[in-house]
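Quick notes on the structure that follows.
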Amino acid sequence: MARLLRTLRSSQPVARFQRCCGLFPAAEEGGSGCDRAEGARERGVCNGTGALRRPVAAGSGPPGGVRSGPQGCIQKYVVKNYFYYYLFKFSAALGEEIFYITFLPFTYWNIDHSVSRRMIIIWSIVMYIGQVSKDILKWPRPLSPPVVKLEMRTDAEYGMPSTHAMAATAISFSFLIATMNQYKYPFELGLVAAFVFSTLVCLSRLYTGMHTVLDVIGGALISAVLLVLLYPAWDIIDHLLLTSPFCPLLCIVVPLVLCYNYPKLDYYSPTRGDTTTILGAGAGATVGFWLNNQYAAPTYTSRNFQLGFPLITSKIVVAMLARFFVGIFVVLLTRQLMKSVVLGMLGYRYKFPIGDLEARRRLEVEVPYKFITYSSVGFSATVVVPLLHKLLGLM
């Protein structure tokens, strides 16, 4: 068993999976430490490069080979199978902010409030546990070489568990569980869709070279365990979030305390900022849920879906798309506006120029900047957008 775990944690299975899918390191001139033999042997088009690796001061970077490639190396790669390349690049995006900020609001605006609430709560809990676990375990990401790294932003983070795998498993299966008793569709179809969705996201983390096999398996298993543990309490949690007079206060204070007390590292990692973004969005949305319940805000009927998907007409599709595009415009406008306002206020308070990236990474700046911005986004999506939909006659 120990030998199997060591194998799953190593970089070689990831590299072999990439080669099987047609992704190879390109030959590097001047001996930069990339896999020259492999790259020279395979013929293909070098279609991309990694980010330029900056020298890291001693003690300021992640240990154990988390940073990939030699310092100053621009990692080039060869793609021989573009089907897998675009499939897994798209699948990787399903675990990014662009997916969360579109799919979760779409569910709230067009399908069902209760389904959306459950997914957002599960997503917030799962992602917080996953992000904190990374910085407690401090397991390195796959080494490069032999692995080709297609992403550089998250390379500064630790690897175990894969939060992409956790989020994909949590969102897909919580959606299945929340809808299977409310809507008439074949359970087998929903199960297959959830499995395919989560599997594609998990495999994309291997293809992009960002996680070991053990990272991905661990992330999926942690999410599955959390879903099993939380499922019996779903209705209780949902009822308390909608009716408790303490809900707004706790939904703001608790996430803020967790963000300010996030595990400290000896170098900067985007995990704290990402965690604050997630908890902020969840807090703002939860306050919106409570407010809607207290003041009977506009609700979206799900009767169109209760008898199955064949009843979806072109008129319903147009209305759904109209709600989505109006809503996403307001959400993105809120995000951009709040980013500018909050950052400007923090810059004035702490005396730093807005373009100072190092200042924006400080705890007293990053946490309020991210939390206020994305809690405003969550609140806007659940309160402002429905009111606008009602005003425009899109309900």
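Cross-link pairs exceeding 32 Å in C-alpha to C-alpha distance, out of LYS89/LYS138; LYS89/LYS339; LYS80/LYS138; LYS184/LYS315, comprise LYS80/LYS138. Under 5 Å between amide hydrogens, built in the peptide plane, is the criterion, and for TYR77 it picks out ALA26, ASN47, GLY48 among residues at least 5 positions away or on other chains. Put a dot 7 Å past the Cα of TYR268, heading toward its Cβ, do the same for TYR350, and the two dots end up 1.0 nm apart.
Across the accessible surface of segment 150-196, with the other protein chains kept in place and a 1.4 Å probe, carbon and sulfur atoms take up 73 percent.
Among GLU188, GLU151, the order of accessible area from largest down is GLU188, GLU151, computed with a 1.4 Å probe on protein heavy atoms.
What shape does segment 159-245 have by the C-alpha gyration tensor, where a ≥ b ≥ c are the square roots of the eigenvalues, rounded means a/c under 1.5, and otherwise prolate means a/b greater than b/c and oblate the rest? Taking the square roots of the gyration eigenvalues as a ≥ b ≥ c, segment 159-245 is oblate. Segment ILE217..VAL317, full-extension length gain: 32.3 nm, with 0.36 nm per residue of separation and the alpha-carbon distance subtracted. Rolling a 1.4 angstrom probe over the protein heavy atoms with all chains in place gives segment 119-261 an accessible area of 40 Å² per residue. Between PHE325 and LEU137, take the C-beta separation as r, use R0 = 41 Å, and let me know the FRET efficiency to the nearest 0.05. Efficiency, rounded to the nearest 0.05: 0.50.
For trypsin sites (Lys or Arg not before Pro), the sites in segment 336-395 that DSSP calls loop and that have at most 16 other Cβ atoms within 10 Å are LYS351, ARG361, ARG362.
Taking the Kirkwood radius as Rh and the Cα radius of gyration as Rg, segment 328-390 has a ratio of Rg/Rh equal to 1.08.
Sequence gap at least 6, Cα distance under 8 Å: using those rules, report the relative contact order of segment 327-395 to the nearest whole percent. Please list the in-between numbers first.
Numbers: 36 pairs, mean separation 33.2, N = 69.
For segment 327-395, the relative contact order is 48 percent.
Legend: calculated FRET efficiency, ARG362 to LEU8, from the Cβ-Cβ distance at R0 = 30 Å, rounded to 0.05, equals 0.20.
In this label model, LYS390 and LEU337 are separated by 1.9 nm, measuring between points 7 Å along each Cα→Cβ vector.
Counting only protein heavy atoms and using a 1.4 Å probe, the accessible area of THR7 comes to about 60 Å².
The values are calculated or read from the model by the stated rules, or taken from the named source; none is laboratory data. This one's a predicted model, so the numbers in the text were calculated from it and none came from an experiment. In this analysis, Cβ positions are derived from the backbone assuming ideal geometry, glycine residues included, and neighbour counts consider all displayed protein chains. Just the protein is used for accessible areas: all its heavy atoms, side chains included, with ligands, DNA and RNA removed. Shrake-Rupley method; radii C 1.70, N 1.55, O 1.52, S 1.80 Å.
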